[in-house]
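Novice: Below you'll find the structure I mean.
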Amino acid sequence: GGAAMAAVREVEIDPEGTFKYILVRLQRPGGEEQRDIVRGTKAAEFHNHIFEKVNPEMEKLGYECKCLGGGKIDHNSKDKKIRVFGLSTGYGKADHSVTVEILKKVYTDYEITWSDDKK
């Protein structure tokens, strides 16, 4: 039940730089329990590359994944700032305000902002 879902890290993003990210909803098939997670990396040229990596990992743990949209993250670890912006052509724009709330749980001492700017 809940313990396994709690074991899934809410945020996995690169420690530095600007890169694509997606917001993913995990759900137990037929269950009420759900959780939104943030995944982002410079290694992904396109947003679907991130989803294609996350989806099988989560399916192994028994979750259904749904991509809620994407965007970009600008992570400045030196100044402890994260900016969330942009959108995904394939998945549409994630609700960046939700992404920010999730990021704040992990990066507690950061200044985290979002905007609908493209760059």
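The values are calculated or read from the model by the stated rules, or taken from the named source; none is laboratory data. Since the structure is predicted, the reported quantities are computational estimates derived from the model, not experimental observations. Counting neighbours? That spans all protein chains shown, and the Cβs are built from the backbone with ideal geometry, glycine included. Side chains included, ligands, DNA and RNA excluded: accessible areas come from the protein's heavy atoms. Shrake-Rupley method; radii C 1.70, N 1.55, O 1.52, S 1.80 Å.
Novice: Please name all residue pairs, on different chains or six or more residues apart, with Cβ atoms under 9 Å, provided the first residue is in region 107-119 and is in a strand (DSSP E or B) and the second residue is among the aromatic types (F, W, Y) and open to solvent by less than 100 Å² (accessible area, probe 1.4 Å).
Specialist: Matching pairs, first to second residue: T113/F85; W114/F85.
Novice: Report whether or not D36 is closer than 19 Å to K119 by Cα and among the acidic types (D, E). Step through it out loud before you land on a result.
Specialist: Details: closer than 19 Å to K119 by Cα: no; among the acidic types (D, E): yes.
Spelling it out, it is not the case that D36 is closer than 19 Å to K119 by Cα and among the acidic types (D, E).
Novice: Moving to a separate point now. In this structure, does L68 turn out to be open to solvent by less than 80 Å² (accessible area, probe 1.4 Å), hydrophobic (A, V, I, L, M, F, W, C) and over 12 Å from the mean Cα position of the chain (by Cα)?
Specialist: Numbers: open to solvent by less than 80 Å² (accessible area, probe 1.4 Å): yes; hydrophobic (A, V, I, L, M, F, W, C): yes; over 12 Å from the mean Cα position of the chain (by Cα): no.
Here the answer is no, as L68 does not meet what is asked.
Novice: Conditions first: (1) at negative phi; (2) open to solvent by less than 40 Å² (accessible area, probe 1.4 Å). G62 passes all but one, so which condition is the exception?
Specialist: Failing condition for G62: (1).
Novice: Looking at (1) open to solvent by 40 Å² or more (accessible area, probe 1.4 Å); (2) in contact with a His (Cβ under 7 Å, 6 or more places away or on another chain), which one does I82 not meet, given that it meets all the others?
Specialist: (1)
Novice: In addition: Which residues, taken from region 15-38, are touching an Asp or Glu at 6+ places or on another chain (Cβ under 9 Å), open to solvent by 10 Å² or more (accessible area, probe 1.4 Å) and under 23 Å from I82 (Cα atoms)?
Specialist: Taking region 15-38 and keeping what is touching an Asp or Glu at 6+ places or on another chain (Cβ under 9 Å), we get 17-20, 23-29, 35-38.
Next, only the ones that are open to solvent by 10 Å² or more (accessible area, probe 1.4 Å) stay: 17-18, 20, 25, 27-29, 35-36.
Listed by number, the residues that qualify are G17, T18, K20, R25, R35, D36.
Novice: If we keep just the residues of region 87-99 that are without any contact (Cβ under 8 Å) to a residue 40 or more places away in the chain and crowded, with 17+ Cβ neighbours inside 10 Å, which is nearest to T18 (Cα to Cα)?
Specialist: Filtering first and then ranking leaves L87.
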